[in-house]
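Student: Quick one: the structure is below, questions incoming.
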Amino acid sequence: MHFTSDQHLDDGVRERAFSLGGIPGILWTPASASAPTPLILLGPPPLGLGKVYPRLVARARHAAADGFATATIELPGSGERPRWPAAEQARAELRRALKAGEPVSDEIIDSVILPLVDKAVPEWRAALDDLLALPEISGPVGYSGGVISIGVRLAVVEPRIVAAGLFAGSFVPRAMFEEARRVTIPLHVLLQWDDEGNDRRAALDLFDAFGSQEKSLHAHLGGHTGVPQYAGEAAAQFFTRHLK
């Protein structure tokens, strides 16, 4: 991990951009941390960190106020990373089906999501190796965000993640339901009831499939970007309960 910039935001939160084997990322740490802090990994949507930075930094600042460090990395084929033609073609086919009002087939969902999960999860684990080697960062570790299938895979394969807040706002391949049954960590799942790009029935079935003994589903009226502000308060309480 190589840090490429270092600045303090107006509330004192330290923000450092980094590169990990050519993968861009950002680390935020609390202003007044007197000891190594727990870490929350912020899973971004595949839109590029530059586009979603305002949302990410807002989440990072709230987490810092609760005493958590946060970090994110650019997903494969997004932002400044090299183009991924196969992923672009799969997403184009998804957009075509949605625009035409056609059912989104399992084949399209698989082609969009599964290769992304297979590439992104090992990168997240490598980033976690380096983040936990920093003196200011400690466990336990949480994961927060989407793509929900990435969170599911991480919850299955990464023992250092002890709790996850998942955003049910992306299509889910059928294969992920079997993986969901192997998830045992505490879960806080956020669902926007009227999300135009989300299969609500699939999101509910996925929640039902999770093997965790502690799991909660927080559903709110509204579209994909209509998450109410108080939803963040519930998520913050969840991570405080499990990471401190």
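Student: With no solvent and one equal point scatterer placed on each C-alpha of segment 125-244, evaluate the Debye formula and give log10 I(q)/I(0) for q = 0.10, 0.22 Å⁻¹, two decimals.
Tutor: The Cα Debye sum returns log10 ratios of -0.30, -1.28.
Student: When the chain is treated as a GNM, springs tying every alpha-carbon pair under 10 Å, which of Ala234, Ala69, Ala120 comes out with the largest mean-square fluctuation?
Tutor: Ala234
Student: Given +1 on the Cβ of Lys and Arg, -1 on the Cβ of Asp and Glu, and no further charges, what dipole in debye does segment 1-147 carry about its Cα centre, rounded to the nearest 20?
Tutor: 320
Student: Go through Thr240, Ala133, Ala35 and say which Cα lies farthest out towards the positive end of the charge dipole of the chain; charges sit on Cβ, +1 for Lys and Arg, -1 for Asp and Glu.
Tutor: Value: Ala35.
Student: Follow-up. Measuring from label point to label point, each 7 Å out along Cα→Cβ, what is the Ala17 to Ala126 span in nm?
Tutor: Label at Ala17, label at Ala126, 2.0 nm between them.
Student: How large is the charge dipole for segment 107-244, taken about the Cα centre, if only the Cβ atoms of Lys, Arg (+1) and Asp, Glu (-1) carry charge, to the nearest 20 debye? Show your work: numbers first, answer last.
Tutor: Details: 12 positive and 18 negative charges, 80 e Å.
The calculated dipole for segment 107-244 is roughly 380 debye.
Student: Name the most mobile residue of Gly79, Gly151, Gly21, meaning the one with the largest mean-square fluctuation, in a Gaussian network model of the chain with Cα contacts below 10 Å.
Tutor: With Cα springs under 10 Å in the chain, the top fluctuation among Gly79, Gly151, Gly21 is at Gly21.
Student: Arrange His188, His218, His8 by Cβ neighbour counts within 10 Å, fewest through most, would you?
Tutor: Starting with the residue having the fewest Cβ neighbours, the order is His8, His218, His188.
Student: Set the Förster radius R0 to 25 Å, insert the Cβ-Cβ distance between Arg181 and Ala219 as r into 1/(1 + (r/R0)^6), and round the FRET efficiency to 0.05.
Tutor: 0.70
Student: Once you have all Cα-Cα distances for segment 5-96, histogram them in 5 Å bins from zero and send the whole-percent values.
Tutor: The percentages, shortest bin first, are 3, 13, 22, 21, 15, 10, 7, 5, 3, 1, 0.
Student: Let me ask something additional. Run the quick spin-label model on Arg95 and His62: label points 7 Å from Cα toward the beta carbon, then report their separation in nm to one decimal.
Tutor: 2.9
Student: Please find, in a Gaussian network model of the chain (springs between Cα atoms separated by less than 10 Å), the residue of Lys119, Lys99, Lys51 whose mean-square fluctuation is greatest.
Tutor: Lys99
Student: Radius of gyration and Dmax for segment 102-186's Cα atoms, expressed in Å?
Tutor: Over segment 102-186's Cα set, Rg and Dmax evaluate to 13.9, 51 Å.
Since every read-out is calculated from the coordinates, none of them should be taken as a lab result. The structure displayed is predicted, hence computed values, not measured ones. Every residue, glycine among them, receives a Cβ derived from its backbone with ideal geometry; neighbour counts consider all protein chains shown.
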